Amino acid sequence: MIEPEFIHFKEIKDYRGGLVALEQGQNVPFEIKRVYYIYGTPANTRRGFHAHKALEQVAICVKGACSFLLDNGKGKVDCRLDSPAVGLYIGKNIWHEMYNFTDDCVLMVLASELYDESDYIRDYNDFLKEV
Ligand code: T46
């Protein structure tokens, strides 16, 4: 079994629009060492197809929407991210794939470590052995 771990951020809204603050150790459960974002993904494209050995991440669709498949080796779950006020926590050893991107999707990801290709498990059978 696996359940998506959503983080609901406080929205500060007034007549000027909305604002969300992301603060390490407060509403983000790790030290933020890297931020990257994914955009312009064609609608019928899947990305991801890997797990991380140690990296923790929080993914937020700051614009548009996309879906995630999460797999911990014992179960899989699909979920949709469609709000700039909701983050999806992705811990280590979670195989993940992203799909069904809207044209306007900007997927921002907060990461606990700098980019390190050796932290990726990109082969599904290797992932199953790891978990
Ligand atoms: C993840 C999901 C949610 C870098 O040079 N620096 C970076 O910080 C990142 C994230 C990627 N790259 C390079 C590595 C590849 O040559 O950018 C290229 C595309 O990366 P990748 O194919 O891994 O992209 P996705 O969308 O499959 O996965 C990304 C993250 O890499 C990954 O950590 O969890 O988003």
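The values are calculated or read from the model by the stated rules, or taken from the named source; none is laboratory data. Remember, predicted model here, so these are calculated numbers, not experimental data. Virtual Cβ from ideal backbone geometry, glycine too; neighbours counted across all protein chains shown. Calculation scope for accessible area: heavy atoms of the full protein, side chains included, ligands and nucleic acids excluded. Shrake-Rupley method; radii C 1.70, N 1.55, O 1.52, S 1.80 Å.
Here are the numbers for the structure shown:
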read-out	value
Given (1) at positive phi; (2) in a strand (DSSP E or B), number of the condition residue 89 does not satisfy	(1)
Evaluation of residue 77 against (1) under 12 Å from the mean Cα position of the chain (by Cα); (2) part of a strand (DSSP E or B) (one fails), failing number	(1)
Whichever residue in the range 68-89 is farther than 19 Å from residue 23 by Cβ and within 12 Å of the ligand (Cβ to nearest atom) and, among such residues, is most open to solvent (accessible area, probe 1.4 Å)	69
Condition broken by residue 55, with the remaining ones in (1) open to solvent by 40 Å² or more (accessible area, probe 1.4 Å); (2) among the aliphatic types (A, V, I, L, M); (3) over 15 Å from residue 7 (Cβ atoms); (4) under 13 Å from the mean Cα position of the chain (by Cα) satisfied	(1)
